[in-house]
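Everything on this sheet refers to the single structure shown next.
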Amino acid sequence: MVSSESLNKVNITIYSTIWILISIVQAVILHYFYNLGGYFAIADSLVFNGLFALLSSSIWYIVRFTDFSKSSIPSFILNHFFSMLCLIAIWLALGFFLSRTIFKDVEYNVFLGQSLAWRSIMGI
C-alpha cells in the first residue's frame with residue numbers, strides 16, 4: 001500500500017517536472033522565434049510559468065472538491081469559467097508587474113506589452 005505522503009511527493013515531483021519542461025520549451029521559443037535574448041527568455045519563462053504553476057496549484061481544490069450532485073451544470077461551468085478568468089487576470093498582473101520591476105530594458109518591456117494577447121490565450 002502506498003502512503004498518501006509518498007503519493008503527494010510523487011505528484012509534486014511530476015507537477016514540477018512538467019512545469020520545468022514547459023518553461024524550457026517556452027524559453028527556447030522566446031529565444032529562437034521572438035529573438036529575445038537568452039537571459040530575458042529564460043527569466044521571462046521562469047517568471048510567468050513559475051507564477052502560473054503556483055497559482056494553478058492553488059485552485060486544485062476548487063476543481064477537485066466540486067460536488068457535482070450539489071450544483072447544476074450551468075453553475076458548475078460558470079464557477080470554473082470565472083475562476084479561470086480570475087486566475088489568468090492575477091497571473092498576468094503579477095507577471096507583468098514582476099517582469100517590469102525586474103527588467104528595466106526598453107526592448108523587453110515593448111515585447112512584454114506586445115505579448116499580452118498570446119499570453120492570455122496561453123493561460124486559457
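The values are calculated or read from the model by the stated rules, or taken from the named source; none is laboratory data. Fair warning: this is a prediction, and the values are worked out from it, not measured in the lab. Every residue, glycine among them, receives a Cβ derived from its backbone with ideal geometry; neighbour counts consider all protein chains shown.
Worth pointing out:
- With respect to (1) touching a residue at least 12 places away in the same chain (Cβ under 8 Å); (2) assigned to a helix (DSSP H, G or I), the lone exception for residue 74 is condition (1).
- The lone exception for residue 26 - which of (1) of a type in the set (S, T, N, Q); (2) free of Cβ contacts under 8 Å to residues at least 40 places away in the same chain; (3) more than 17 Å from residue 121 (Cα to Cα) it fails: (3)
- Criterion applied to 52, 81, 48 was being out of contact with any Asp or Glu (no Cβ under 7 Å at 6 or more places or on another chain) and farther than 19 Å from residue 16 by Cβ, and the one residue passing it is 81.
- Members of the stretch 51-97 found to be within 24 Å of residue 11 (Cβ to Cβ), at pLDDT 90 or above and crowded, with 16+ Cβ neighbours inside 10 Å, listed by number: 51, 52, 53, 55, 87, 88, 91
- Of 15, 34, 39, all but one fail to be part of a helix (DSSP H, G or I) and over 16 Å from the mean Cα position of the chain (by Cα); the exception is 39.
- Some residue of the stretch 98-112 being assigned to a helix (DSSP H, G or I), surrounded by 13 or more Cβ atoms within 10 Å (Cβ to Cβ) and under 13 Å from the mean Cα position of the chain (by Cα): no
- Residue check, residue 48 in contact (Cβ under 8 Å) with a residue 60 or more places away in the chain, touching a Lys or Arg at 6+ places or on another chain (Cβ under 9 Å) and crowded, with 16+ Cβ neighbours inside 10 Å: yes
- Taken over the stretch 49-64, residues that are of a type in the set (Val, Ile, Thr) and either in contact with a His (Cβ under 7 Å, 6 or more places away or on another chain) or part of a helix (DSSP H, G or I) (or both) amount to 2.
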